[in-house]
Each structure stands twice: as C-alpha cells, then as structure tokens.
1. Those residues that are of a type in the set (Gly, Ala, Ser) and over 14 Å from the mean Cα position of the chain (by Cα), I need them from the stretch 2-29; list them, please.
2. Can you name the residue in the stretch 47-71 that is within 19 Å of ALA86 (Cβ to Cβ) and assigned to a loop (DSSP other than H, G, I, E, B) and, of all such residues, is modelled with the lowest pLDDT?
3. Which of the residues spanning the stretch 20-46 are under 26 Å from ASN9 (Cβ atoms), assigned to a helix (DSSP H, G or I) and touching a residue at least 12 places away in the same chain (Cβ under 8 Å)?
4. Could you check the stretch 1-59 and list, in sequence order, the residues that are surrounded by 12 or more Cβ atoms within 10 Å (Cβ to Cβ) and of a type in the set (Val, Ile, Thr)?
5. GLN67 fails exactly one of the following numbered conditions: (1) surrounded by fewer than 14 Cβ atoms within 10 Å (Cβ to Cβ); (2) in contact (Cβ under 8 Å) with a residue 24 or more places away in the chain; (3) polar (S, T, N, Q); (4) within 29 Å of LYS98 (Cα to Cα). What is the number of that condition?
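The values are calculated or read from the model by the stated rules, or taken from the named source; none is laboratory data. Computed from a predicted model, the values in this text were never measured in an experiment. Don't worry about glycine lacking a Cβ; one is built from the backbone with ideal geometry, like all the others, and counts go over all protein chains shown.
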Amino acid sequence: MKLQVRYHNIGDKTRAEKELRRQSAKLKRHMKKFSPDLVNLHVSLEREKRPINPFEASLALYLPPGQLHARESAPDELAALKYAFAELWREIKKMKAKLQRRTERRRSSPRRPVSVA
C-alpha cells in the first residue's frame, strides 16, 4: 500500500504520525486481497483559522474497484484523524457489500419446485 501524507499548519506531528501509522497498518491488513501496488492512500491534515473544529482530516483511498473519500473536522488533530478513518471504514463496508452483491441475493418469494418429467 502506498501512503502519501500532507500536513498544513500542523505544529507537532508526532502524535498524528503515530495514529496514522496505527490506522494505516490496520487498513493494510484488510487490503491484502488487492495488489499492494494498486492500493493508494492519500492523507491530508490541515489546521484552519476557525474557532470551532479547526483541524480537518481528509482521506482518499484508491482501489481497483473505485475511489473512497472521507473528510472530517474536530477540535484536535487526533480526533479528526480517528473520525475520518471511521468514515472511511463505513465506506469500505459499503463497497464490500456492493462487491459481494448482498442485496441481490435476497429473494422476495420462495423458490418454486422444479418438476421432472
């Protein structure tokens, strides 16, 4: 898995880097099905000049079936990263369900018996 990180107006990056390593390792374990060269994760962590929720984390996960995006803001950089990764996990679950066609497998009526002549 390729990882690209961009920090903007972040002072001390050590806590954010530690959380990012932990979350990306967890993500890497779940993406073993895909080729490591085809999985890209772009992370952007910014601090803006607003009084409420100044930290914003933006994630983009590029997979062979498509792209997944998550963006969250919080008063702390760690919280913003955790919220963004939680949103990304929800998107991954939706994508997996779509790939497995869970909604198409449900039948509205029972199967009819096949008569053999």
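1. Once the filter is applied, which keeps residues that are of a type in the set (Gly, Ala, Ser) and over 14 Å from the mean Cα position of the chain (by Cα), the stretch 2-29 yields GLY11, ALA16.
2. The residue in question is ASN53.
3. Correct list: LEU20, GLN23, SER24, LEU27.
4. Across the stretch 1-59, the qualifying residues are VAL5, ILE10, VAL39, VAL43.
5. (2)
For (1) touching a helix residue (DSSP H, G or I) at 6+ places or on another chain (Cβ under 7 Å); (2) over 25 Å from PHE55 (Cα atoms), each residue gets a yes or a no:
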residue: ARG6; (1), (2): no, no
residue: ILE10; (1), (2): yes, no
residue: LYS18; (1), (2): no, no
residue: ARG29; (1), (2): no, yes
residue: SER44; (1), (2): no, no
